[in-house]
Amino acid sequence: GEELGLPDVTDLPDEARQDPSFFRAEGQDGFRDGCRVPIPWTREGSSYGFGDGGSWLPQPAGWGELSVEAQTGVEGSTLELYR
């Protein structure tokens, strides 16, 4: 997500977490899931174009504006900076 300028997702509910270290530490450590949220490819859709079946971690509302589709060809966007 770095090439899109995606922030870490810090407000994932505990029931959505997948990181084994989170469970081993009984919720006191292991917050790696926030950087593992799927990349948004399109502006719209249940998983912002990641796939038809949804994603394994919830994507924040508003991520459509940070998607590949939204940033492609936009001068000054993070994606174009990386290209």
* Structure fact -> Within the stretch 25-37, residues modelled with pLDDT under 70 and loosely packed, with under 12 Cβ neighbours inside 10 Å come out as Gly27, Gln28, Asp29
* Matching residues, the stretch 61-83, being surrounded by 15 or more Cβ atoms within 10 Å (Cβ to Cβ) and under 17 Å from Glu2 (Cβ atoms) -> Trp63, Leu66, Ser67, Val68, Ala70, Gln71, Ser77, Thr78, Leu79
* If we keep just the residues of the stretch 8-17 that are surrounded by 13 or more Cβ atoms within 10 Å (Cβ to Cβ) and not aliphatic (A, V, I, L, M), which is nearest to the chain's Cα centre (by Cα)? -> Asp8
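The values are calculated or read from the model by the stated rules, or taken from the named source; none is laboratory data. All values derive from a computational prediction rather than experimental measurement. FYI the Cβ positions are ideal-geometry reconstructions off the backbone, even for glycines, and counts take in every protein chain you see.
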